[in-house]
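Heads up: the structure comes next, in structure tokens.
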Ligand code: SF4
């Protein structure tokens, strides 16, 4: 089979984005990552929500689905269940993932299906002309909040960690090589992986610019002794004031996870932050549900089968 290049993932669809939008960097890194992983376009399904960033599914030559606002993840999960040979990638913006789709987000995280989710965070609602989004800073001045955003921003990666995330990374659309690396690692991770990309909106967000992100982002790889498999360290990094951690922030050492504690006795289970179990002791959590297949990573068995 011929070698795949990033160009093989290009479409003829003209880009709708404003010149200089950070989403261009994400698109470019994504295509490069897929090519470097040797994926063919027919092996990839790309699912996106609504928003400027949601248009990305039209710009990647692959199976694609541009869904409604906040609904990329349930569609992506269904696609993965229907054909687990596909590399399934979901994408959207901070509003799509952390506001309208927030309910789907935490449940997709805890189910840990083998999907990669790319969140393009520009800290504003670009498509609808710059209103404050869930990640906008308190005081952010927008068209509908001229006195400043009164709300506190959501910390999407910390939320995901609390929900039991098995892979968290952050990149910057102006650092393409690093971003390619993060996306490749996320796709190769067996489980639900999140890559949040700081992706400036050059048209409406005049505060969180490329220069602002360069000043505030710091790679955890440069922090002495930082271990990406240490959940507590990841939570500290994500919630520390003053800087925005980037790089591989957390990857669960074991890719197996009991995702339906309720069926296994949720009252006895440990706090979610410590909720890691040994593979051999995991009961297939979909064994008695209406799901046709178990969602557990790499599980190939039909329902009603117990893994001992
Ligand atoms: Fe990008 Fe902002 Fe333009 Fe949307 S409005 S395409 S986020 S620069």
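Tabulated data for the structure shown
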read-out: Alpha-carbon centroid distance for the pair segment 175-195 / segment 36-59, whole angstrom; value: 14
read-out: Ranked 87, 135, criterion: other C-beta atoms within 10 Å, fewest first; value: 87, 135
read-out: Residue 83 paired with residue 241, simple spin-label distance in nm, labels 7 Å along Cα-to-beta-carbon; value: 5.0
read-out: Residue-span extension gain [residue 10 to residue 152] - 0.36 nm each, minus C-alpha spacing; value: 47.3 nm
read-out: Euclidean distance of C-alpha centroids, segment 95-115 and segment 1-32, integer Å; value: 25
read-out: Fewest-first sequence of 68, 79 by Cβ atoms within 10 Å of each Cβ; value: 68, 79
read-out: Cut-off 14 Å, label 7 Å out along Cα→Cβ of residue 214, residues of segment 179-197 by amide N; value: none
read-out: Chain lengthening between residue 230 and residue 206 when straightened (0.36 nm per residue, less Cα-Cα); value: 5.1 nm
read-out: Calculated FRET value between residue 37 and residue 129, using beta carbons and R₀ = 35 Å, to 0.05; value: 0.45
read-out: Burial ordering of 110, 170, fewest other beta-carbon atoms within 10 Å first; value: 110, 170
read-out: Alpha-carbon centroids, segment 64-80 and segment 128-168: separation in whole Å; value: 22
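Values quoted throughout were computed directly from the atomic coordinates according to the rules given, and no laboratory measurement underlies them. All figures in this text were calculated on a predicted structure; none of them were measured in a lab. Because the Cβ atoms are built from the backbone with ideal geometry, glycine has one as well, and the counts that use them run over all protein chains shown.
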